[in-house]
Every structure is written in structure tokens, then in C-alpha cells.
Amino acid sequence: MFLLGIIDIVAVFCNSLMSGYFSLVGAVYCTHPTLVYMVGVFSPSSWCGACATVLLLAFNRFMDLVSPYYSEMLFSGKRTFFWLILPGLYWFYFWFIDLPCIYSSIASACFFDPFFGVSFPRNEWEYANWGLTFNNVAIILALSGMYIAIISALIAKTRMSSAATAIQRNTILQAFLICTLCFIASAIYVCMQYLPTPSFVIILGQIFWQASHGGAVFIYLIFNKALRRGLIKLVLPEKLEKRLGNVTNLSGNNNNNNRTASGQVSQISQQSPSLVP
């Protein structure tokens, strides 16, 4: 999660803040070649690093569900750092070696062809980024297979016993939602690089790409009570936090008192002789 957070920060800066700036000023590769090229290097490399990390996260959740013993053996302690080397190397490969993906304010998205939307004779396949295409197709297939396996294991485990705890289901749901954002963004980006794609679908792909990096925090806040409490403690002033805590405690005490009083009344009514013969 920590590595994914670092990658997401870099990616959000590139595909949200810088892309927004490029759209506002009408930037294309010809107008801002150096800046657009640099962002075009960081954006897809961060995306590929996030895809690899998300896939590792899905595998971790699968092992946690199927066999907690083997999950502990594989991922406990410092072993996690060895696993994180894999998406880290994958990220750096696309950062230093692979071709960039250039943002075009004409279509409000990134394309392999730096002259997308500009009409002049050229071989568009010359700019094809096969590494990024492989990543997008692979992440679609891998995440589909992984979550079919997770859902099947969850159904089987629930039928056999109630061993799948609420915490496990909640954790798997969080990972599933994060991976779904990556899945949709990958599918749209593969199509729009090689096929005629409507403008609204291209923009939708850009939005899902942004959400795949920036949406995780909202998913965590929605499903994680401890994280919400920590955020409130971090953001709210101490006096206001204590006041809210006192109100919550007072409300809880009132509820407890009401339940106690109701229980006492119920006991008295059961012990009292009936007035009806």
C-alpha cells in the first residue's frame, strides 16, 4: 500500500495536475516539447508501476483468503520488501527504457502518437508503444483471472463455513474496487490507441486513469473506520475533536442507560402478577 501511494502521488501530479495545465493552455508536443515529453515519461511509467503493484495486492488478498498460513509465510515481516522489488523494477523499466505516452490537449488524453489530432502524412505505427500495450492487455487478463479466483474462493469458503470474516470481505472489496478502476482504464486506453474512439469514451478513459491513482484514498476512507478516525484526529482541532468525542460518549451512555432502563422495566413486568384472571 505504501509503495502504491508513492506511485499514485507521482501519477496524479502528471495525469491530473499537469494534464489540466496542458488543457488550459492548449499545449501539444510542438508547443511544449520538453515539458510534454517529461510528463509523457513519468505518466505511463507510474501507471505501469501501479498496475504491477495492484496485481501484487490482488495476489496477496487471494493468498490471505485461501491460505492465511502460506500468506503469512510469503508476506510477513521483511519478506514484503522483496516482493515490492518486482513492481519497483517494473516501474523503473518503463521510466528509463520504454517510450513515452504524449498528452494531447486536442483530445484531453495521452497517445503514443505525439502528433495525434494533427493532419499530415505520417506512419502512426512508428510511435506504437508495444511495452505499454502489453502492460494494459496483461493487466486486463491478469486481474480478470485473479478476481475470478478470489470470488470463487470466497464463495466456496462461505459455503463450507463462516470462516470468511467481515474484515476479510471488507479488505477484498477494497482491493477489488481499486483493481476495477485499473481494469477499466486499461481497456479504454488499449482501444483508443488503435481504434477510432468517440471523444467522450477517450475522456472517460482519462478520468478512470486518474481515478485509478487518486480514488484509492476515498475507497479506504469509506470502508476503513480506523482510517476515518485517524483523519479526523489529524485534521480537526483538538478542542473540537474532544467535543465531538464527548458528544459521542454522551450519546453512547444515554443509549446504554435507555437499554438498561428498558431491561429493568421488562424484568419488573415479568415478575409482577397478572391483573387479568
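Observations on the model:
- Summed over the stretch 126-164, the residues that are modelled with pLDDT of 75 or more, farther than 17 Å from F94 by Cα and out of contact with any helix residue (DSSP H, G or I) (no Cβ under 9 Å at 6 or more places or on another chain) give a count of 7.
- Condition met for F223 (modelled with pLDDT of 80 or more and farther than 30 Å from F116 by Cα): yes
- Inside the stretch 24-49, residues that are touching a Pro at 6+ places or on another chain (Cβ under 7 Å), more than 10 Å from C101 (Cβ to Cβ) and buried (at least 19 other Cβ atoms within 10 Å of the Cβ) make up a count of 2.
- Residues considered: D98, D64, D113. Of these, the only one that is within 20 Å of the chain's Cα centre (by Cα) and acidic (D, E) is D64.
- Restricting the stretch 64-73 to residues that are touching a residue at least 12 places away in the same chain (Cβ under 8 Å) and out of contact with any Ser or Thr (no Cβ under 8 Å at 6 or more places or on another chain), the residue that is farthest from G5 (Cα to Cα): V66
- The sole residue among S104, S23 that is under 20 Å from V201 (Cα atoms), assigned by TED's automatic domain parsing to the domain that holds G215 and modelled with pLDDT of 90 or more is S23.
- L74 vs. criteria within 18 Å of M146 (Cα to Cα), over 20 Å from the mean Cα position of the chain (by Cα), at pLDDT 85 or above and surrounded by fewer than 18 Cβ atoms within 10 Å (Cβ to Cβ): yes
- Annotation note: of L204, L221, the sole residue that is surrounded by fewer than 17 Cβ atoms within 10 Å (Cβ to Cβ) and of a type in the set (A, V, I, L, M, F, W, C) is L221.
- Going through (1) surrounded by 18 or more Cβ atoms within 10 Å (Cβ to Cβ); (2) under 30 Å from V201 (Cβ atoms) one by one, L65 falls short only on (2).
The values are calculated or read from the model by the stated rules, or taken from the named source; none is laboratory data. Bear in mind that the values here come from a model prediction, so they are computed numbers and not experimental data. Note that we place each Cβ from the backbone using ideal geometry, even for glycine, and neighbour counts take in every protein chain shown.
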